[in-house]
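The values are calculated or read from the model by the stated rules, or taken from the named source; none is laboratory data. The model shown is predicted, which means the values in this text are computed figures rather than measured ones. Cβ placement follows ideal geometry from the backbone for every residue including glycine, while neighbour counts extend to all protein chains displayed.
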Amino acid sequence: MNLHEYQGKSILQGYGVAVPFNIVVASPESAVEAAKEIQKKTGSTKWAVKAQIHAGGRGKGGGVKIASSLSEVKEFADQILGMMLVTPQTKKEGKLVRKVLIEQNIYYPGPEDVEEYYMSILLNRDLGKNMVMYSPRGGMNIEEVAEETPEEIFTEIVDPKVGLTGFQARRIAFNLGLSGVSFKEMVKFVIALYDAYVGSDSSLFEINPVIKAADGKVFAADSKVVIDNNALYRHKDILEMRDYHEEDPTEVEASKFDLNFVKLDGNVACMVNGAGLAMATMDMIKMSGGNPANFLDVGGTADAKRVEEAFRIILRDDRVEAILVNIFGGIVRCDRVAQGIVDAYKNIGNINIPIIVRLQGTNAEEGKDIIDQSGLKVHSAIQLEEAAKLVNTVLA
């Protein structure tokens with residue numbers, strides 16, 4: 001689950017990570033009041049006005065501005081709120097900005113007096129261990145740093161039995177070229193950041209940039225936080241932060257029925273039970289001349305009702321030209337899935353695109369009989385190769 005910047009920073013602050021004092025608002029008038037409160041608390045006479053959407057590169061799209069007066073705070077908030085913000089990480093139509101974050105200035109006395117670093121924590125899947133990735137060259141163009149000067153990207157592998165050690169935190173600060181007060185501040189920052197990552201069951205923390213201010217203080221100037229969905233049952237407070245406006249409406253609807261659905265840009269929809277089989281099915285669609293329109297895993301306990309809802313969700317995409325159902329009957333029985341397909345076809349009605357159904361495993365023959373005897377325009381298959389040929393045929 002993705003979080004907004006202000007939500008991620010609230011988690012970080014709870015673990016002792018230094019973040020700029022900030023207030024999130026939804027109107028220009030509230031932005032001015034927030035700026036006054038920030039000035040009262042911190043003495044800051046400049047403020048960052050930052051769009052809150054689930055996408056990076058906001059500054060490049062005009063979603064981050066620095067205000068030098070209260071009138072500018074109101075002006076910038078008015079410009080950003082309600083805009084369709086387009087960044088390198090959004091679709092071409094952009095994302096609607098509903099909230100802005102008003103934040104104290106940490107680039108004091110001026111931008112030339114601070115240093116910017118990059119830092120992230122994520123799982124190294126090859127090693128099965130957490131990893132701190134960091135660079136002395138933070139900012140908006142970290143992707144270029146990784147491509148052009150990879151020697152400036154450092155990693156620190158963390159043993160899960162021990163956690164991040166003081167020695168490792170000091171090595172990170174040393175590799176960033178710090179000394180004195182800022183060295184000690186960075187060590188505390190890194191340890192607190194790792195504690196927050198583990199404590200919140202996150203799958204990604206990305207802080208770009210981490211700021212070393214002129215007085216040596218270290219701040220998380222930005223935050224990208226992704227929470228592991230499988231751990232949300234342990235974090236009811238974080239689950240309440242979910243912003244449905246930032247998610248694809250179809251994916252939100254699918255989650256209500258325990259369907260694992262991700263919308264893609266292709267023309268052949270797939271309905272599969274099991275993530276691995278779904279990936280293989282998407283490969284098969286591509287090899288057969290089509291492009292996957294979605295990733296849809298109905299799970300190992302799919303029943304007729306869930307299959308019907310899956311069909312309804314798939315059919316909302318006007319680009320879908322065919323549907324491939326690929327079910328391996330282990331826990332789930334193929335005949336039950338087949339009956340769900342038939343029921344869905346009859347209940348939804350007006351399905352004018354071809355449906356290819358491949359059933360294998362428990363009661364596969366019975367499932368095929370149910371489909372063949374239904375009288376519906378459904379192509380049934382037993383073998384994977386047969387299903388692939390049918391996909392190619394219906395798209396020809």
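Listing for the model above:
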{"read-out": "Number of the exception - Arg58 against (1) outside any helix (DSSP H, G or I); (2) touching a residue at least 40 places away in the same chain (Cβ under 8 Å); (3) under 30 Å from Lys188 (Cβ atoms)", "value": "(2)"}
{"read-out": "Filter result (of a type in the set (A, V, I, L, M, F, W, C) and farther than 19 Å from Pro109 by Cβ) within segment 19-34", "value": "Val19, Ile23, Val24, Val25, Ala26, Ala31, Val32, Ala34"}
{"read-out": "Exclusive hit being of a type in the set (S, T, N, Q) and buried (at least 20 other Cβ atoms within 10 Å of the Cβ), set Ser182, Ser203", "value": "Ser182"}
{"read-out": "Number of the exception - Ser200 against (1) touching a residue at least 60 places away in the same chain (Cβ under 8 Å); (2) touching a strand residue (DSSP E or B) at 6+ places or on another chain (Cβ under 7 Å); (3) farther than 19 Å from Ser10 by Cα; (4) small (Gly, Ala, Ser)", "value": "(3)"}
{"read-out": "Val17 being closer than 24 Å to Leu239 by Cα, more than 22 Å from the chain's Cα centre (by Cα) and either in a loop (DSSP other than H, G, I, E, B) or not small (Gly, Ala, Ser) (or both)", "value": "yes"}
{"read-out": "Lone qualifier among Asp335, Asp317, Asp297 - being within 26 Å of the chain's Cα centre (by Cα), surrounded by fewer than 21 Cβ atoms within 10 Å (Cβ to Cβ) and at pLDDT 80 or above", "value": "Asp317"}
{"read-out": "Matching residues, segment 233-264, being farther than 22 Å from Phe295 by Cα and not acidic (Asp, Glu)", "value": "Tyr233, Arg234, His235, Lys236, Ile238, Leu239, Met241"}
{"read-out": "Matching entry among Asn347, Asn392, Asn352 (being surrounded by fewer than 20 Cβ atoms within 10 Å (Cβ to Cβ) and assigned to a loop (DSSP other than H, G, I, E, B))", "value": "Asn352"}
{"read-out": "Close pairs from segment 332-343: first touching a residue at least 24 places away in the same chain (Cβ under 8 Å) and outside any helix (DSSP H, G or I), partner among the β-branched types (Val, Ile, Thr) and buried (at least 24 other Cβ atoms within 10 Å of the Cβ), Cβ under 9 Å, at least 6 apart", "value": "Val332/Val298"}
{"read-out": "The listed residue being of a type in the set (Lys, Arg) and out of contact with any Phe, Trp or Tyr (no Cβ under 6 Å at 6 or more places or on another chain), out of Lys65, Lys95", "value": "Lys95"}
{"read-out": "Matching option when the condition is within 15 Å of the chain's Cα centre (by Cα) and outside the structural domain of Val332 (by TED's automatic domain parsing), among Asn230, Asn260", "value": "Asn230"}
{"read-out": "Residues being under 14 Å from the mean Cα position of the chain (by Cα) and not charged (D, E, K, R) - total across segment 197-227", "value": "8"}
{"read-out": "Single residue of Val64, Val86, Val97 found to be in contact with a helix residue (DSSP H, G or I) (Cβ under 6 Å, 6 or more places away or on another chain) and in contact (Cβ under 8 Å) with a residue 12 or more places away in the chain", "value": "Val97"}
{"read-out": "Single residue of Leu127, Leu96 found to be of a type outside the set (Gly, Ala, Ser), under 29 Å from Asp195 (Cα atoms) and not assigned by TED's automatic domain parsing to the domain that holds Asp265", "value": "Leu127"}
{"read-out": "Test: Arg137 is at pLDDT 95 or above and charged (D, E, K, R)", "value": "no"}
{"read-out": "Criterion: within 30 Å of Val100 (Cβ to Cβ), in contact with an Asp or Glu (Cβ under 8 Å, 6 or more places away or on another chain) and not aliphatic (A, V, I, L, M) - qualifying residue of Lys263, Lys236", "value": "Lys263"}
{"read-out": "Inter-residue pairs, beta-carbon under 9 Å, first assigned to a loop (DSSP other than H, G, I, E, B) and in segment 21-43, second buried (at least 17 other Cβ atoms within 10 Å of the Cβ) and of a type in the set (D, E, K, R), 6+ apart", "value": "Phe21/Glu103; Ala26/Lys99"}
{"read-out": "Selection count where residues are within 15 Å of Tyr118 (Cα to Cα) and under 28 Å from the mean Cα position of the chain (by Cα), scope segment 177-194", "value": "5"}
{"read-out": "Segment 239-283, subset in a loop (DSSP other than H, G, I, E, B) and in contact with a Phe, Trp or Tyr (Cβ under 8 Å, 6 or more places away or on another chain), residue modelled with the lowest pLDDT", "value": "Gly274"}
{"read-out": "Residue in segment 293-302 that is of a type outside the set (Ser, Thr, Tyr) and either in contact with a Gly (Cβ under 6 Å, 6 or more places away or on another chain) or within 22 Å of Leu3 (Cα to Cα) (or both) present", "value": "yes"}
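Residue by residue, here is whether (1) over 30 Å from Phe183 (Cα atoms); (2) surrounded by 14 or more Cβ atoms within 10 Å (Cβ to Cβ) holds:
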site: Gly59; (1), (2): no, yes
site: Lys74; (1), (2): yes, yes
site: Leu81; (1), (2): yes, yes
site: Leu101; (1), (2): no, yes
site: Pro111; (1), (2): no, no
site: Tyr117; (1), (2): no, yes
